[in-house]
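Structure, as structure tokens:
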Amino acid sequence: MAFYIPLLQPHFKHIEIGDTLTSLWSGCGNIVQCQLDDEPCVIKAIKIPSYIHHLPVHAQSIECIGAINKDDEYALVFKDFTKHGFAQAGAQHVKAILKWLAHFHAFNLSKPAEGLWQQGNYWHLSTRPDEFNKLKDNLDKKSDIKNAAHKIDEQLQSCAYKTLIHGDAKLANFAANERDEILGYDFQYIGAGCGIIDVMYFMTSCLSDAQLHECADEYIAYYFDNLKAAITTYHPTAPASKIADDWLALWPAAWADFYRFLAGWSPEHQKINSYMQQQVNSWLASNI
């Protein structure tokens with residue numbers, strides 16, 4: 001008997017299971033056709049295998065213990081991480097979080113964004129027409145972010161090696177314990193993308209302009225060292241060095257894309273600093 005039939009039995013008198021339309025990634029279930037009380041339906045049946053519950057050990061999230069839905073109202077119930085030795089992560093946890101991101105990205109390499117955003121994060125171009133329209137045209141094409149916006153977006157989207165990105169990987173969305181173990185949460189914008197987008201956004205959330213100039217290269221190297229090691233662990237045949245090189249090449253593009261959003265949304269935002277502008281100018285000089 002399929003695992004989901006007992007879930008359906010309290011709600012329907014007649015259950016007839018039809019063809020399986022597709023399987024979900026990593027053995028997490030199936031989408032199947034069925035008849036429920038003579039009504040043609042489609043079921044997305046999800047059961048998380050035990051090995052996914054426990055992997056990757058270096059990219060854990062807060063445990064969800066219940067999901068409640070009534071009409072258009074939803075409630076997700078999570079364990080209180082403060083009762084398990086965790087507290088809000090701080091600036092001292094930058095490398096631990098970069099390691100978390102490296103394992104999260106490596107583990108989810110090439111995973112389809114089934115049921116998730118087809119393009120992860122909240123600032124990508126197709127979701128931000130209002131901010132885009134507020135950008136001013138610049139007669140100097142070499143400094144015109146509005147003119148470059150679609151090319152930047154296309155470059156990020158056409159990355160050959162994609163993963164699932166957190167999409168809102170700011171410092172406030174991580175918890176840590178005394179052993180520097182990290183929990184991630186608030187996966188509202190998770191979806192497909194290249195991992196460097198999360199790394200860029202994370203650094204904007206916890207490093208000042210001066211710290212970015214001083215430390216960004218060291219942190220990038222640390223992330224990619226962990227990424228390549230993690231890819232080798234989770235996907236032994238994947239070209240870890242090629243993936244790392246491709247994502248590193250998109251570092252200026254990731255900054256330029258976020259700058260495009262900020263410049264249209266809040267031109268005086270504190271995150272628009274000299275390091276960001278340096279990366280934007282680097283991308284424009286190489287691509288326009």
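The values are calculated or read from the model by the stated rules, or taken from the named source; none is laboratory data. Predicted model only: the values in this text are computed from it and were never measured. Reconstructed Cβ throughout: ideal geometry from the backbone, glycine too, with neighbour counts over all protein chains shown. We work out accessible area using only protein heavy atoms, side chains counted, and drop any ligands, DNA or RNA first. Shrake-Rupley method; radii C 1.70, N 1.55, O 1.52, S 1.80 Å.
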Shape of the range 154-288 from its Cα gyration tensor (a ≥ b ≥ c, root eigenvalues): rounded if a/c is under 1.5, otherwise prolate when a/b > b/c, or oblate? oblate
Could you list which residues have their amide H under 5 Å from that of Gly18, counting only those 5 or more apart in sequence or on another chain, with H placed in the peptide plane? Gln33, Cys34, Gln35
With Cα atoms, 0 to 90° folded angle of helix 209-234 axis to the chain main axis: 40
For Lys79, tell me the accessible area in Å² from a 1.4 Å probe, rounded to the nearest 10. 90
Which peptide among 38-47, 254-263 comes first, and what is the full order, when sorted by highest mean count of other Cβ atoms within 10 Å? 254-263, 38-47
Probe 1.4 Å, all chains present, heavy atoms only: Ser274 accessible area in Å², nearest 10, is 60
Can you give the helix-only mean residue ellipticity at 222 nm for the chain, where every DSSP H stretch with n ≥ 4 adds -39500 (n - 2.57) and the sum goes over all residues, rounded to the nearest 500 deg cm²/dmol? -12500 deg cm²/dmol
For a protection proxy built on the mean count of beta-carbon atoms within 10 angstrom, sort 194-202, 146-154 highest first, please. 194-202, 146-154
Please enumerate, by chain and number, the lysines with C-alpha under 21 Å from the C-alpha of Lys162, excluding those fewer than 8 residues away in the same chain. Lys99, Lys111, Lys151, Lys170, Lys228, Lys242
Which of [x] 31, 21, 19; [y] 41, 29, 13; [z] 37, 24, 19 is the computed semi-axes √(5λ) of the Cα gyration tensor in Å for the structure on display? [z]
Which value, in debye to the nearest 20, gives the size of the charge dipole of the range 192-288 about its Cα centre, when Lys and Arg are +1 and Asp and Glu are -1 at the Cβ? 240
Leaving out ligands, DNA and RNA, and with a 1.4 Å probe, what % of the accessible surface on the chain is carbon or sulfur? 51
Say R0 is 35 Å: what FRET efficiency, to the nearest 0.05, do His269 and Glu178 get from their beta-carbon distance? 0.55
Give me the angle, in degrees from 0 to 90, between the Cα long axis of helix 274-287 and the longest principal axis of the Cα atoms of the chain, rounded to the nearest 10. 90
Check: C-alpha center the range 195-259 vs C-alpha center the range 29-46, spacing in Å is 41
Would you mind working out the accessible area per residue for the chain, using a 1.4 Å probe, and quoting it in Å²? 54
Whole-number percent relative contact order across the chain, with pairs defined as alpha carbons under 8 Å at least 6 apart: 19
